[in-house]
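Worksheet for the structure shown next.
The values are calculated or read from the model by the stated rules, or taken from the named source; none is laboratory data. Keep in mind that what you see is a predicted model, and the values were worked out from it rather than measured. Backbone-built Cβ (ideal geometry, glycine too); neighbour counts: all protein chains shown.
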Amino acid sequence: MRCGLARFFRNRDAASAVEFSLVGLPLVLFLCGIVCFGILYGTYNGVEQLAAESARAAVAGVNICESDNLARTYINNNVAKYGFLNPADLTVTTSPPPSPACPSQHTAYQVTVRYDMSASPIFQLAGVLAAASPIITRSAAVQFGGF
């Protein structure tokens, strides 16, 4: 019996398989984490860029209605360029915030983009992994009247 046990411990035929099983799982989990973070970062960046660029596009409007139309048109035309964003999950709110000095006069135009990411595959693993909130909200404001 001792001879068989000693031969078993000297045998190196499956050493690489055992080493791979110890290193392989953490490596795969690490790579999945990188991919999930990349998708999340890309989505956050896309929502922020849509809000900022649509607010800039709204500057060309002569009045509030035209600014609203320009901002929404910009978003509708460009949301498909962001690979991680689904247009059906996007909500846009445009509102000019009132001036603190004179509440009836508007000094800036604000675009708020809200994106619901709960249908994303990343949030299907929410019970297993710690995840951020699936609702992403970003706002951008531009002043009326130039400098």
Item checked: Scan of the range 35-71 for residues that are among the small types (Gly, Ala, Ser) and either more than 19 Å from Arg114 (Cα to Cα) or under 10 Å from the mean Cα position of the chain (by Cα) (or both), ordered by number -> Gly38, Gly42, Gly46, Ala60, Gly61
Margin query: Given (1) of a type in the set (Phe, Trp, Tyr); (2) crowded, with 17+ Cβ neighbours inside 10 Å; (3) at pLDDT 90 or above, identify the lone condition not met by Tyr41.
Written below: (2)
Next item on the list: Please go through the range 1-60 and pick out each residue that is more than 26 Å from Leu90 (Cβ to Cβ) and outside any helix (DSSP H, G or I).
Entry: Met1, Asn11, Arg12, Asp13, Ala14
Checklist line | Selected residue (only one of Ser16, Ser99, Ser54, Ser67 is in contact with a helix residue (DSSP H, G or I) (Cβ under 9 Å, 6 or more places away or on another chain) and modelled with pLDDT under 90) | finding: Ser67
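Only one residue in Asn76, Asn63 is without any contact (Cβ under 8 Å) to a residue 12 or more places away in the chain and either touching a His at 6+ places or on another chain (Cβ under 7 Å) or surrounded by 10 or more Cβ atoms within 10 Å (Cβ to Cβ) (or both), so which one is that?
Of the residues listed, the single one that is without any contact (Cβ under 8 Å) to a residue 12 or more places away in the chain and either touching a His at 6+ places or on another chain (Cβ under 7 Å) or surrounded by 10 or more Cβ atoms within 10 Å (Cβ to Cβ) (or both) is Asn76.
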Next item on the list: Taking only the range 113-147 into account, find how many residues are out of contact with any helix residue (DSSP H, G or I) (no Cβ under 7 Å at 6 or more places or on another chain), modelled with pLDDT under 80 and assigned to a loop (DSSP other than H, G, I, E, B).
Entry: 9
Check: In this structure, does Leu22 turn out to be more than 21 Å from the chain's Cα centre (by Cα), more than 18 Å from Ile122 (Cβ to Cβ), modelled with pLDDT of 85 or more and aliphatic (A, V, I, L, M)?
Finding: yes
Checklist line | Residues of the range 1-34 satisfying the condition of being within 30 Å of Val113 (Cβ to Cβ) and of a type outside the set (Gly, Ala, Ser) | finding: Cys32, Ile34
